[in-house]
Amino acid sequence: MILDLAPFCAVKCKNIPEGHSQILYGLYGIVEHSGTMRSGHYTAYVKVRPECPQPSSNGLTDGDAEPSRGSWFHISDTSVQPVSESKVQSCQAYLLFYERLL
């Protein structure tokens with residue numbers, strides 16, 4: 001869920017503020033593929049972020065709903081369902097999306 005890239009960066013490229021020793025990235029999205037190399041289906045897991053409206057049960061956004069920071073949703077075609085973090089961690093990830101944590 002949290003990835004520290006500092007051990008894999010050259011000293012000159014780290015651009016780390018003084019007093020810090022980590023370059024942290026947080027997972028916020030996953031693409032999962034089911035099927036074969038010739039055909040299949042892609043779905044996504046997305047983490048709700050504070051500045052984004054939270055999806056409602058019908059997959060549309062509800063402007064009045066307060067986002068639940070850190071909750072995850074599984075998206076498949078028109079279906080949007082809440083899922084646990086353990087479900088996200090056990091999925092068969094095809095692509096991972098990270099953002100820099102400041």
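The values are calculated or read from the model by the stated rules, or taken from the named source; none is laboratory data. Predicted, not measured: the structure shown is a model, and the values here were computed from it. Counting neighbours? That spans all protein chains shown, and the Cβs are built from the backbone with ideal geometry, glycine included. Surface areas here come from the heavy atoms of the whole protein model, side chains and all, with no ligands, DNA or RNA. Shrake-Rupley method; radii C 1.70, N 1.55, O 1.52, S 1.80 Å.
Applying a threshold of 9 Å to beta carbon distances and a minimum spacing of six or more residues, or different chains, the list of pairs starting in region 84-97 at a residue that is over 12 Å from His74 (Cβ atoms) and ending at one that is open to solvent by less than 100 Å² (accessible area, probe 1.4 Å) and among the acidic types (Asp, Glu) reads Gln92/Glu32; Ala93/Glu32; Tyr94/Glu32; Leu95/Glu32. Would you pick out the residues in region 55-73 that are modelled with pLDDT of 95 or more and open to solvent by 40 Å² or more (accessible area, probe 1.4 Å)? Of everything in region 55-73, nothing turns out to be modelled with pLDDT of 95 or more and open to solvent by 40 Å² or more (accessible area, probe 1.4 Å).
Residues are listed down the side, and each one gets a yes or a no for (1) open to solvent by 40 Å² or more (accessible area, probe 1.4 Å); (2) among the hydroxyl-bearing types (Ser, Thr, Tyr); (3) at pLDDT 95 or above; (4) within 21 Å of Ser86 (Cβ to Cβ):
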| site | (1), (2), (3), (4) |
| --- | --- |
| Asn15 | yes, no, no, no |
| His20 | yes, no, no, no |
| Val31 | no, no, yes, yes |
| Thr43 | no, yes, yes, yes |
| Glu51 | yes, no, no, no |
